[in-house]
């Protein structure tokens, strides 16, 4: 006996936007509390050193890679009720897929994620470049 399996609900573009904003705010709060070498103090962002930039980039890569790779969710995705899954199996994506998705945020994030939004709303299964390369979907949890 076979059961019909419903296709995953990938129409979560609004939730993705809110999740990204939540993650950005939470990441900013975290960075304001933790002492990152080379991080500017106060509102003077012009003093961010190259060393500080590398630390911030490393923290962002670790945050997205580990949370999305191992759990399928960042804190923003958890709060908005969405998750990242392997497009073929529906399982958690794994660290390699999490890393690939995170690296492509460099391109997807151009112009405050405008590139990602244009690609998501015009692609099959609402995928950004990072999702396509990592073979993942973002679905309702």
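Since every read-out is calculated from the coordinates, none of them should be taken as a lab result. It should be emphasised that the depicted structure is a prediction, and the values quoted were computed from it without experimental measurement.
Within segment 63-127, the proportion of Cα pairs with more than 21 Å between them is 21 percent. Here the extension length gained between residue 103 and residue 75 equals 8.2 nm, from 0.36 nm per residue of separation less the Cα-Cα distance.
Indicate the gyration tensor shape class of segment 13-140 (rounded, prolate or oblate), computed on the Cα atoms with a ≥ b ≥ c the square roots of the eigenvalues: a/c under 1.5 is rounded; otherwise a/b larger than b/c is prolate and the rest oblate. If you can, show how the numbers build up before the last one.
Values: a/c = 1.96, a/b = 1.76, b/c = 1.11.
Prolate, since a/c reaches 1.5 and a/b exceeds b/c.
For segment 76-131 and segment 54-70, what is the separation of their Cα centres, given in Å? The distance from the Cα centre of segment 76-131 to that of segment 54-70 comes to 14 Å.
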